[in-house]
Amino acid sequence: MKQHNSHRIFKGGINAIVLSVALLILGGVGLVFVRNSHAIRYPSALIIGAALFLIFRNRNPSRIPEYNRRIGKVALATFFVILAMVVHQYYTAGFWRTDRVFHLTFLLYVVAGTYAFVRPNPRSVLPVIAIAGFANRAMGYFASEKYVGVDIYSHSEWASSIATEGSLEPLFTSKYYYAPLYHIQSSIGELILGVPTKTAIAMAVMVSVTFVPLLGIYVLTSRFWGSRIGLFAGLLYIASDQAIQWGVHLIPTSLGIVFFTIVLLSIFAYILSGDKRQFGILAATLGALVLTHQISLFVSIVAVVAITGAVVIYQMRITMQSATIGLVSGFVAFLDFVTTRFGGPQGEASFLDIVLGNVASSVLTAGTETQPEVYDPSISPGRATVMSNMHYLGPSLLLVLAIVGALYWLHSRRDSNNTLVAFSIGICVTVLFGFTLVLPMVGTRDLLPGRWWGFLYIGLAIFAAPGLIYLSSRVRFSGDQMGPHLATVLVLLLLIVALMTGAPNASQDNPYMDDSVGAERLGVTEQEVAITEHTENVRTEEIQVESDFRFPYYYQTETVQMDHSNPNSIASGTPKLILNRAYMSKHQAQYFVSIGEDQRRVPGGVPIDQLPPDYRSTVYDNGRDTLLWVSR
C-alpha cells in the first residue's frame, strides 16, 4: 500500500476539535433559519453529534475485551432459536408480518449484534448478520400476495415479457431499453430456474442487494478499524430503513446500490494501492451501472467525483491517477446521458436534455417565490407533513453516530492514508447530502432524491460504527468486563433497530409504525386478491370499478372521487363497482377530492360508509373486504 502524503496544510491530520466547533456553529445557524419541523433534525444532529464528541474526547477509553466465547456460544444458540420462532410466527400468521413478527425481528438483529461484539470473527458473524437481514427482507417481500411498492409492477411485467418473447422489444418504448440489465437478469432467472417472476426477482436481486453491501461495508471499514467495528458497520446498514426498503422494493435502484458498493471498494483500493486491476473493476462497474439505472449511475459519478476531489484537496495537486478517474467517470456519464432517450430509441429527448436540463432550469430560476421543501429519508414526495416525528428518530440517531464516528476517525490521526479515507468519505457523504437536500429546496425532484438515501446510508454506516464503539468505550466501568460495554452497545443498537426496522418505509408491506397517515400499506393480502378475482368475473367494459388511490397499481381500477364535504357525490355519474377493501377505512387510504376546478389527493380514509344505504348494495363479502354496487 503506497502512502499518500498530505499537503502541509493537513500535516498532523485534520483538527477534529475545530471541525466540531464549525459543526456546532453550522447546526446553530440551521436551527435559526430552518422552519420545516421535519428538516430541523439535520442541524440538531450536527449539534448533538459534535457535542457528544467534545464531551467524551478527553475521557480515557475503557478497554473492551476482544472475545468472550461463552457469551458467544449462548448468543449464537439464541439467534437460531429466535430465527425459528420468527419464521414459525410468520407462518402461523398466514405469511404476514404482525407486531409479534416485528418484535422477534428486532431481537434477531440485537442478538446478531451481541454475537458480533463478543466474538468478532467475520467468518462466523457475517453469515449470521446476512441471515438476519435476508430473513427480514424475504418475509416483507413475500408477505404481499403481489409485490411491495409501486415501480416494481412495471419492471416485473417487463422482465416477464422479456422471458416470454426472448427479446428486448417490451422495453422498446422505455428509457430502460438502454439499461436492461435488471430485466435481463430477472428474466434469465425465471427461465433457468423455472420459477415465477416474483421469485426470480428475489433470487436475482434481493440476494445481491443484501449480501454485497454487507460484505463491501465490512471490508472497507475493517481495513481501518478491525473486524468488530467492521461487523457493526455492516449490521447498522443491513438493519437500516433505507437498506430494507430497497431490499424489499426490488427495482433497478436496488441493483444500483450493489454496483455503487463495488464502486466505493474499487476506487479506494485503486487510490491506496495504485493497482490498475482495481481501476479496471471501477471502470467495468460504471459500465454495469450504465446498463442498470441512470439515476444510480449519476449518484455513483457524483460519489466518484467527490472522492477524487477530496484526494486532490488533501494533496493539493492533481495526480495522473486522479485525472484518469475523473476523465473516465465523466466520459461514461456524458456518453450515457446523451445516448439514453426517454421513450426508447424512437424518443427525441435525451436524458441529459430532460432531467439535467430541468435541474439546471430550476436552480437558475430559483428565488424567493420557490416553494421550499426538504426531502427526508423516511418519506416519499408529498408525505413530509403527514409523518410523525417518531419516524425520524432512527435516521437521526444514525446521523448523530456517524458525526461522532467521523470526528473520532479524524481525531485518531493514525496515518496519512487513514486520514485520507476518512476525509474522502466525509466529503462524499456531504456532497450526497447536498444533492439530496438542497436540490428539492430549489424546486426540483428530477434526480429522484428519495433514491439517494440507500446509497448515502453506506457512508453513514461506515462512520456510525466507530461512533457507536467510541461512545461505548468512553462509558466508565470498573475492570475489563465485557458485560457493561456490551449492555451499552445493545441499548443503542436496540434503539436504532426498533426505530429503523419498524419505520414505515422499512415495513411497507404492513407498517409497524402506522400511527401517521403517511405510513401507507403497499402489501396486498390474500383476501384482496380474492375480491379482485370475483370482480373480474362480474365486471364489464361498461361498468367502472373504483377503489382507493394505491389499488390501481395492483388491479385495473379507477380512484374514488368526491366533491368536497359531499360523500354522496361518490355515487354520482354512471353506476359503478367499488372495491371496498378493509384498508379503505384506514386513515392512510387516499382518494381524490374536488374543490371547484381543482382536484386534490387526500388521505384520511375513503368515506364509503357515509353513503346512504339505498345508494349501495353488497355484491361480494369475504369477511374483510366487500364489493359494492353504487348508484343513485
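The values are calculated or read from the model by the stated rules, or taken from the named source; none is laboratory data. Since we're looking at a predicted model, the values are computed, not measured. For neighbour counting, all protein chains shown are included, and Cβ atoms are generated from backbone atoms with ideal geometry for every residue, glycine included. When the accessible area is computed, the model is the full protein with side chains, heavy atoms only, and any ligands, DNA or RNA have been set aside. Shrake-Rupley method; radii C 1.70, N 1.55, O 1.52, S 1.80 Å.
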(message) Looking only at residues that are of a type in the set (Val, Ile, Thr) and over 17 Å from the mean Cα position of the chain (by Cα) in region 124-162, which one is farthest from THR501 (Cα to Cα)?
(response) ILE162
(request) Hey, can you tell me all the residues within region 205-223 that are more than 30 Å from ASN418 (Cβ to Cβ) and open to solvent by less than 20 Å² (accessible area, probe 1.4 Å)? (result) VAL205, MET206
(message) Residues that are assigned to a loop (DSSP other than H, G, I, E, B), more than 23 Å from ARG277 (Cβ to Cβ), at pLDDT 80 or above and open to solvent by less than 40 Å² (accessible area, probe 1.4 Å): does region 330-343 have at least one?
(response) yes
(message) at pLDDT 85 or above and on the phi < 0 side of the Ramachandran plot: which single residue out of LEU364, LEU352, LEU401 fits that description?
(response) LEU401
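Do the conditions hold for ILE244, that is, is it over 24 Å from LEU107 (Cβ atoms), open to solvent by less than 20 Å² (accessible area, probe 1.4 Å) and aliphatic (A, V, I, L, M)?
Judged against the criteria, ILE244 is not a match.
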(message) Condition check: surrounded by fewer than 21 Cβ atoms within 10 Å (Cβ to Cβ) and of a type in the set (A, V, I, L, M, F, W, C). Does LEU264 satisfy that?
(response) no
(message) Exactly one condition in (1) over 30 Å from GLY140 (Cβ atoms); (2) among the hydroxyl-bearing types (Ser, Thr, Tyr); (3) open to solvent by 20 Å² or more (accessible area, probe 1.4 Å); (4) without any contact (Cβ under 8 Å) to a residue 40 or more places away in the chain is false for SER631; which is it?
(response) (4)
(message) Can you tell me how many residues within region 566-613 are within 25 Å of GLU533 (Cα to Cα) and basic (Lys, Arg)?
(response) 3
(message) Please go through region 540-558 and give me each residue that is of a type outside the set (Gly, Ala, Ser), within 17 Å of ARG601 (Cβ to Cβ) and open to solvent by less than 20 Å² (accessible area, probe 1.4 Å), ordered by number.
(response) GLU546, ASP548, PHE551, THR557
(request) Scan region 445-496 residue by residue and report those that are open to solvent by less than 30 Å² (accessible area, probe 1.4 Å), at pLDDT below 90 and not in a helix (DSSP H, G or I). (result) LEU447
(request) Considering every residue within region 589-606, establish whether at least one is among the aromatic types (Phe, Trp, Tyr), open to solvent by 60 Å² or more (accessible area, probe 1.4 Å) and either touching a strand residue (DSSP E or B) at 6+ places or on another chain (Cβ under 9 Å) or in a strand (DSSP E or B) (or both). (result) no
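Would you check if there is a residue in region 528-539 being polar (S, T, N, Q), open to solvent by 10 Å² or more (accessible area, probe 1.4 Å) and without any contact (Cβ under 8 Å) to a residue 24 or more places away in the chain?
yes
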